[in-house]
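Undergrad: What follows is a structure written as structure tokens; I'll ask about it next.
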Amino acid sequence: MDEKLYKELSKLTKDKNIWKENIPYIASLLKNQSAKIVAKALWLLGEMGLRYPQEAAPYIGEIATFIGSDNDLLRERSANALGRIGRADCKLIMPFMNELCSLAKDKSPNVRLSFIWASENIATNAPTVYKDCLTIFADLLNDENERVRIEAPEMFRVLGKRVPEFVEPYLDKLKDMADHDEVNVVRIHAAGAIKATISH
């Protein structure tokens, strides 16, 4: 049954013309017994919510409950969905920002990575939301996981383009990373964040 439903969802993913009317149906799948189906539903609600944020709005509270899930993938997908919906309309997800930011210290590197991606999505159109949160991302620059450290400077790049004054206090740290980090992509991303910030 799961496989059949999963295939149906994959088909629906491709047919964006029927997304709007299917949001309530996809949201109903958040109660499914299969974590695989719930994960797919969360991902799809995020993509649908990016296009139709008001239609997704009634389900945001339920999406956010998965931040407290024991399942790493569901925490990851919850962050992704909030990020995509928040990119479209950050006001809708503001009641859940504290829960979202708690994922910065999640035990799973994939969840921490999804938290950064979600934040980049939100900051693209609502950078000032992060005015008092920069220390969270500064800590992630030192993350023990390489993939997280590769992505963390990207948040500073997104913010540096839009609100460079938020990033200026962290330029020394980013410069140190750009010059000395042992991972080439971290150096490149740190340099990109500096360039985005100082080119204003």
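Undergrad: Expressed as a fraction of 2.2 N^0.38 Å, the rule-of-thumb size for a compact globular protein of N residues, what is the C-alpha radius of gyration of the range 1-56?
TA: Computed over Cα atoms of the range 1-56, the ratio equals 1.03.
Undergrad: Quick check: the distance between the Cα centres of the range 71-96 and the range 24-44, to the nearest angstrom?
TA: Centre-to-centre (Cα) distance: 15 Å.
Undergrad: Now a separate question. What is the gain in length, in nm to one decimal, between residue 138 and residue 124 on full extension, counting 0.36 nm per residue of separation less the C-alpha to C-alpha distance?
TA: 3.2 nm
Undergrad: Taking Kirkwood radius over Cα pairs in Å straight from the coordinates, which label in [x] 17.4; [y] 18.8; [z] 17.0 is the correct one?
TA: Read-out from the structure maps to [x].
Undergrad: Nearest 10 degrees is fine. How inclined is helix 35-51 to the longest principal axis of the chain, computing both from alpha carbons?
TA: 70
Undergrad: Ignoring ligands, DNA and RNA, what percent of the 1.4 Å accessible area of the range 82-200 is carbon and sulfur?
TA: That fraction is 50 percent.
Undergrad: Would you mind putting 36-42, 151-157, 80-86 in packing order, based on average other-beta-carbon counts within 10 Å, highest first?
TA: Highest to lowest by the protection proxy: 80-86, 151-157, 36-42.
Undergrad: Taking the Cα centre of the range 80-200 as origin, work out the dipole magnitude from +1 charges on Lys and Arg Cβ and -1 charges on Asp and Glu Cβ, in debye rounded to 20.
TA: Result for the range 80-200 is approximately 420 debye, rounded to the nearest 20.
Undergrad: Between helix 72-88 and the chain, what is the angle of the helix's C-alpha long axis to the longest principal axis, kept within 0 to 90° and rounded to the nearest 10?
TA: On a 0 to 90 degree scale, this one is about 80.
Undergrad: Let me spell out the model: positive unit charges on the Cβ of Lys and Arg, negative unit charges on the Cβ of Asp and Glu, origin at the Cα centre of the range 1-124. What dipole size does that give, in debye rounded to 20?
TA: Roughly 200 debye for the range 1-124.
Undergrad: Which stretch or stretches of the range 32-72 have amide N atoms under 15 Å from the point lying 7 Å from residue 91's Cα along the Cα→Cβ direction?
TA: Answer for the range 32-72: 53-58.
Undergrad: Quick one: order 4, 14 from most to least accessible surface, probe 1.4 Å.
TA: Descending order: 14, 4.
Undergrad: May I ask you to work out the translational diffusion coefficient for the range 1-103 at 37 °C, viscosity 0.692 mPa s, via Stokes-Einstein with Rh from the Kirkwood sum over Cα pairs, reported in whole µm²/s?
TA: Reported coefficient: 245 µm²/s.
Undergrad: Additional query: Can you tell me the orientation of helix 109-125 relative to the chain, as the angle in degrees between its alpha-carbon axis and the longest Cα principal axis, to the nearest 10?
TA: The angle comes out at about 80 degrees.
Undergrad: Another question, then. If 8, 55 are ordered by their accessible area, calculated over protein heavy atoms with a 1.4 Å probe, which sequence runs from highest to lowest?
TA: Descending order: 8, 55.
Undergrad: Picking from 61, 49, 34, whose Cα lies most toward the positive end of the charge dipole for the chain (charges on Cβ: Lys, Arg +1; Asp, Glu -1)?
TA: Positive-most Cα among the choices belongs to 49.
Undergrad: So, one more: Could you give the Stokes-Einstein D for the range 71-147 in µm² per second, using the C-alpha Kirkwood radius, 4 °C, 1.567 mPa s?
TA: The estimated diffusion coefficient comes to 105 µm²/s.
Undergrad: How much of residue 19 can a 1.4 Å solvent probe reach, expressed as accessible area in Å² and rounded to 10?
TA: Only protein atoms counted, so the area is about 10 Å².
Undergrad: Using only helices, what value at 222 nm comes out for the chain when you add -39,500 (n - 2.57) per DSSP H run of length 4 or more and divide by the total residues, to the nearest 500 deg cm²/dmol?
TA: Value at 222 nm, helices only: -22000 deg cm²/dmol.
The values are calculated or read from the model by the stated rules, or taken from the named source; none is laboratory data. Please read all numbers here as calculations on a predicted model, not as lab measurements. For neighbour counting, all protein chains shown are included, and Cβ atoms are generated from backbone atoms with ideal geometry for every residue, glycine included. Remember, those area values only see protein heavy atoms, side chains included, never the ligands or the DNA or RNA. Shrake-Rupley method; radii C 1.70, N 1.55, O 1.52, S 1.80 Å.
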